[in-house]
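Q: Here you go, one structure.
The values are calculated or read from the model by the stated rules, or taken from the named source; none is laboratory data. No experiment lies behind these values; they were computed from the predicted model shown. Because the Cβ atoms are built from the backbone with ideal geometry, glycine has one as well, and the counts that use them run over all protein chains shown. To get the accessible areas, we keep the full protein, side chains included, count just its heavy atoms, and leave off ligands, DNA and RNA. Shrake-Rupley method; radii C 1.70, N 1.55, O 1.52, S 1.80 Å.
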Amino acid sequence: MTRSIRSLSFVASQAPEAQEAMAELVARYGNARPDEADVIVALGGDGFMLQTLHAMMNSGKLIYGMNRGSVGFLMNRYSIDALPERVAKAEENICRPLEMQTIDADGNHREALAINEVYLFRQSYQAAKLRVAVDGRTRLEELICDGLLLATPAGSTAYNLSAHGPILPLEAPLLALTPVSPFRPRRWRGALLPNHVTVEIDILEPEKRPVNAVADYTEVKSVTKVTITQSENSTAIILSDPDHSWSERILSEQFQY
């Protein structure tokens, strides 16, 4: 696919490398307002890309990232040359985030979106005790662990992989449910779920064993119940170079042990 690129809008993290790159790129290509640009170019690392995707959620804007951070899995390689031509040929990847709904110890309700994962983790020295239901049916009556996460294919190579969860192809209609340091049942290593299910997690003994929940970078403390579904309405669009596509990165990651 080749698209027409008339204007670019540059955004950058506060890292010195990202700020220097932005100054160089703006001097060469100008800097349109985000709402007027054909494509938004994000300069930084994966964390900044997630922030940019969240900020542009449902706007229809295309986001092209270049790595000026550390890991940069979501980013393309950095180069100042022929940028409009690269962006014009980039492949579109549509992200459907997870919707996290929480109830905390005071009865407050909060909602947040997660492009990578929703993660529950123990707040104190006590292990968490969780009850896990899928589409209303209890699948784990009691899971004792340090944490539990539900990852999208896009997020399966992030914290999910560090927790020994499976890597999911980008086009797979699946979610990865992965425990962190499970104590009971000790042999349970997680599950692959269809991406249309609803996952409900109840915190058992929440006063004795407090748990926090995080959707990407939105954290809710002392939750008592977390409900997670894949959003049917929200989307973000990320661009990747054809010779280094997102699908290829996810596939390659499985052979880099």
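Q: In square angstrom, rounded to the nearest 10, how much accessible surface does residue 109 have for a 1.4 Å probe?
A: 140
Q: State the Cα centre-to-centre distance between region 189-257 and region 57-113 in whole Å.
A: 14
Q: As a test of the formula, what do you get for the chain when each DSSP H run with n ≥ 4 contributes -39,500 (n - 2.57) and the sum is divided by the residue count, at 222 nm and rounded to the nearest 500 deg cm²/dmol?
A: Calculated mean residue ellipticity at 222 nm is -4500 deg cm²/dmol.
Q: Can you give the Kirkwood hydrodynamic radius for region 1-106, in Å, rounded to one decimal and based on Cα pairs?
A: Details: mean 1/r = 0.0688 Å⁻¹.
This gives a value of 14.5 Å.
Q: Another question, if that's okay. Using the alpha-carbon atoms, what tilt in degrees (0 to 90, nearest 10) does helix 16-29 show relative to the longest principal axis of the chain?
A: Around 40 degrees separate the two axes.
Q: Using just the Cα positions, wrap region 13-172 in a convex hull and report its mean projected area in square nanometres, one decimal place.
A: Working: hull surface 49.6 nm².
Reported value for the Cα convex hull: 12.4 nm².
Q: Check the chain and count each lysine pair with an alpha-carbon distance under 28 angstrom, considering only pairs eight or more places apart or from different chains.
A: Values: 61/89; 129/208; 129/221; 129/225; 208/221; 208/225.
The result is 6.
Q: Measuring from label point to label point, each 7 Å out along Cα→Cβ, what is the residue 111 to residue 125 span in nm?
A: Each label point is offset 7 Å from its Cα along the Cβ direction, giving 4.0 nm.
Q: Over 5 Å intervals from 0, what percent of Cα-Cα pairs in region 184-257 sits in each interval?
A: Reading the bins upward from 0: 3, 10, 12, 15, 20, 16, 12, 8, 4, 1, 0.
Q: Also, I was wondering about something else. Please report the carbon-and-sulfur percent of the accessible area for the chain; probe 1.4 Å, protein heavy atoms only, DNA, RNA and ligands left out.
A: 48
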